[in-house]
Amino acid sequence: MLTGLAPARGIHAAVTPSPELSAIVGSAPLPRSQVISKVWEHIKKNNLQNPANKREILADDKLKKIFGRDRATMFEMNKHISKHVKA
């Protein structure tokens, strides 16, 4: 039995997604890093990157609920996702 291990923190700490984010990543608590990975899977699977500017994400109906608008840059995405997770 392992003892003395610190609980996961930061990007590795489990977070609970909001109902809006759960539509993309599922409702089970996940590390923040997995939440970001699953959102990127959704973006790539649905071809939501702007072909003219790959840094821009064109939101579908599910992502509009997260971003609050039709587009967001990949740099803004984490800010929007952080509003939809609870530690």
- prompt: When the residues of segment 66-87 are filtered to those that are outside any strand (DSSP E or B) and charged (D, E, K, R), which remaining residue is least open to solvent (accessible area, probe 1.4 Å)?
  reply: GLU76
message: Cβ contacts < 8 Å: first residue over 20 Å from GLY26 (Cα atoms), restricted to segment 45-72; second residue of a type outside the set (D, E, K, R) and part of a loop (DSSP other than H, G, I, E, B), any location; separation 6+ or different chain. Result?
response: ILE57/LEU48; LEU58/LEU48; ARG69/ALA59; ASP70/ALA59; ARG71/ALA59; ALA72/ALA59
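Condition check ((1) open to solvent by 70 Å² or more (accessible area, probe 1.4 Å); (2) in contact with a His (Cβ under 7 Å, 6 or more places away or on another chain); (3) modelled with pLDDT of 95 or more) across all residues:
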site: LEU2; (1), (2), (3): yes, no, no
site: HIS12; (1), (2), (3): yes, no, no
site: ARG32; (1), (2), (3): yes, no, no
site: VAL35; (1), (2), (3): no, no, no
site: GLU41; (1), (2), (3): yes, no, yes
site: LYS54; (1), (2), (3): yes, no, no
site: LYS64; (1), (2), (3): yes, no, yes
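Kindly evaluate ASN47 against the criterion of being surrounded by fewer than 17 Cβ atoms within 10 Å (Cβ to Cβ) and over 14 Å from the mean Cα position of the chain (by Cα). Outline the logic, then answer.
Working: surrounded by fewer than 17 Cβ atoms within 10 Å (Cβ to Cβ): yes; over 14 Å from the mean Cα position of the chain (by Cα): yes.
For ASN47, the condition - surrounded by fewer than 17 Cβ atoms within 10 Å (Cβ to Cβ) and over 14 Å from the mean Cα position of the chain (by Cα) - is met.
The values are calculated or read from the model by the stated rules, or taken from the named source; none is laboratory data. For clarity, every value in this text was computed on a predicted model and none was experimentally measured. Here Cβ is always computed from backbone atoms with ideal geometry, including for glycine, and neighbour counts include all displayed protein chains. With ligands, DNA and RNA removed, areas are computed over all heavy atoms of the protein, side chains included. Shrake-Rupley method; radii C 1.70, N 1.55, O 1.52, S 1.80 Å.
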